[in-house]
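Just so you know, all these numbers are worked out from the coordinates, no wet-lab data involved. Everything quoted here is computed from the prediction, not taken from an experiment. Methodologically, a virtual Cβ is constructed for each residue, glycine included, from the backbone with ideal geometry; neighbour enumeration extends over all protein chains shown.
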């Protein structure tokens with residue numbers, strides 16, 4: 001599909017792309033670049049590329065497709081670094097969780113002779129680093145592309161075909177709409193999860209940390225998965241999608257205060273109505289193919305053979 | 001271990017207890033009672049008991065151990081119903097997610113000739129009803145007992161042995177401490193999850209419900225599992241553990257407002273510090289045997305073969 005693909009950054013997404021590209025045979029050559037020598041050495045041990053460099057520009061040289069897979073806080077610097085090395089007609093994309101900021105940071109650096117098509121695969125786990133990737137990460141997940149007005153149709157088509165080959169569904173929308181949609185489906189959930197885990201940790205004077213851990217199967221442990229996500233990546237997301245995050249957070253808090261009031265005043269009917277309505281959303285997500293229908297995520301572990309309904 | 005065990009209520013917990021009791025051979029006879037004829041008929045089809053009754057008193061008659069497995073809103077009525085039928089020396093317990101309220105409601109009805117030892121297995125899935133139970137639900141989870149002052153030591157010991165035989169770890173504490181601990185490890189997480197799913201559903205004017213579902217793998221879908229929990233059970237929990245829930249919710253909101261301010265003012269260091277600290281809590285929970293260490297809960301489904309690190 002491509003002769004040479006450059007992966008700039010080789011964490012969860014970069015390494016998963018490497019596995020997917022290899023598995024589906026999407027490139028003759030994978031050029032890996034990352035800033036930290038230890039990470040590059042580990043990527044090489046894992047065989048994630050065909051060439052390795054500490055220089056993003058070196059990896060991008062002669063690449064037909066350059067995928068920037070770094071935290072969004074550094075994409076501007078990377079764009080500036082690779083710009084002179086890009087070959088004519090190259091496609092440049094990224095995988096960042098925010099899009100308007102990425103475009104504002106990258107586009108000014110990129111020459112007209114290349115095609116810039118920002119992207120975001122809505123997929124991940126709580127793990128990070130070159131060891132965490134796997135080929136199926138993108139399978140049946142959605143990849144959102146936010147091509148700017150006047151983007152080259154052929155480049156968008158080729159990038160769409162690439163993500164489909166990785167197993168993804170692909171949808172295009174404006175960067176602004178992306179940032180609002182993801183604020184609610186991803187950024188706010190992460191913020192809430194980080195916050196509740198922090199609140200629990202700070203309760204130590206009344207409830208010990210060991211009690212929080214032991215009795216976490218009551219629901220709390222679910223939140224700790226998301227709150228174990230990469231700190232650098234998420235700091236950058238909140239700093240660069242500030243407006244949409246603050247807007248959805250405002251709505252969340254408003255709803256929460258109303259719910260608090262219902263509890264204080266014993267309004268059981270209102271609670272029951274909300275708790276019934278939210279059940280339907282999960283059914284929709286399962287029907288949309290975005291979630292398992294196994295109870296408890298089909299969770300296994302801790303010596304627990306997992307739910308077997310009807311056993 | 002017991003001759004006759006009565007299960008009053010046969011939802012997720014009651015039916016899981018039935019499977020566990022059968023699998024481990026903990027009783028000669030399981031008497032099942034539930035209020036709704038359809039549920040009782042289904043329990044009978046599933047073979048969850050040795051006898052079936054719409055009357056809690058009938059099931060409790062001659063039982064050595066009576067386990068009330070209903071939503072906490074009705075435990076007082078049940079205690080009043082079974083009290084005259086209880087045999088001398090019977091152990092009466094429950095599985096409710098709140099304890100002070102359960103004791104206040106049940107204890108006044110129960111005669112001195114029986115042993116009341118309230119309990120709470122901290123285990124569950126988002127499913128409910130007699131079909132949802134499975135024997136391993138309690139395996140490696142914690143069961144909290146809150147025996148009142150002067151509780152019969154032998155009865156506490158027998159109930160502890162029962163839960164251990166079901167696979168649980170057992171810990172005793174005061175009802176008040178239980179309600180505070182569970183407010184943070186279970187009740188607040190449920191409240192937050194219900195709230196964010198409600199907020200997302202109400203965003204429809206700016207983000208469509210289908211977009212919320214499609215892009216839910218960004219984190220949101222995790223919350224929908226908890227927000228799919230039984231509405232009656234959870235309404236009752238919030239109405240009956242009001243003080244502890246409002247106290248922990250107040251702390252959560254306070255922390256969230258501080259986090260919101262950090263985002264607004266671009267305090268990246270504060271965000272990074274919190275996001276790093278929360279990672280450690282998950283490691284502790286995994287080490288405490290209360291969570292799987294598989295990425296993404298080892299989640300399978302939607303045609304996705306699941307993460308295979310290092311693939």
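Per-structure values
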| item | result |
| --- | --- |
| Per-selection Rg to Rh, the protein assembly as shown - Cα, Kirkwood hydrodynamic radius | 1.04 |
| Folded to 0 to 90 degrees: helix A:242-264 orientation relative to chain A principal axis, Cα | 10 degrees |
| Per the axis that maps chain B onto chain A, nearest residue of B (Cβ criterion) and its distance in Å | B:297, 2 |
| Most mobile of B:225, B:264, B:282 in a GNM of chain B (Cα contacts under 10 Å) | B:264 |
| With Cα atoms, 0 to 90° folded angle of helix B:153-165 axis to chain B main axis | 60 degrees |
| Cα point-scatterer Debye curve for segment B:2-173, base-10 log of I(q)/I(0) at q = 0.09, 0.11, 0.17 Å⁻¹ | -0.24, -0.37, -0.97 |
| Helix axis angle, B:231-240 relative to chain B longest principal axis, alpha carbon, degrees | 90 degrees |
| Share of Cα-Cα pairs in chain B lying beyond 30 Å, as whole percent | 39 percent |
| Projected label distance in nm at residue B:51 and residue A:1, using a 7 Å step from Cα toward the beta-carbon | 6.6 nm |
| GNM top mover of A:220, A:138, A:116 - chain A, alpha-carbon springs below 10 Å | A:220 |
| Calculated label separations, residue B:87, copies of the chain, 7 Å along the beta-carbon direction, nm | 8.6 |
| Estimated [θ] at 222 nm from DSSP helical runs (n ≥ 4, -39500 (n - 2.57)) normalised by residues in the protein assembly as shown, nearest 500 | -14000 deg cm²/dmol |
| Exam field: residue B:36 pseudo-label spacings to other copies (7 Å along Cα-Cβ), nanometres | 5.3 |
| Among A:182, A:256, A:48: highest mean-square fluctuation, GNM of chain A, C-alpha pairs under 10 Å | A:256 |
| Copy-to-copy label separations for residue B:50, where each label sits 7 Å from Cα toward Cβ, in nm and ascending | 7.1 |
| Residue B:270 versus residue B:149: modelled label distance in nm, points set 7 Å from Cα along the beta carbon direction | 4.4 nm |
| For segment B:122-195, convex hull of alpha carbons as volume per residue, Å³ | 105 Å³ |
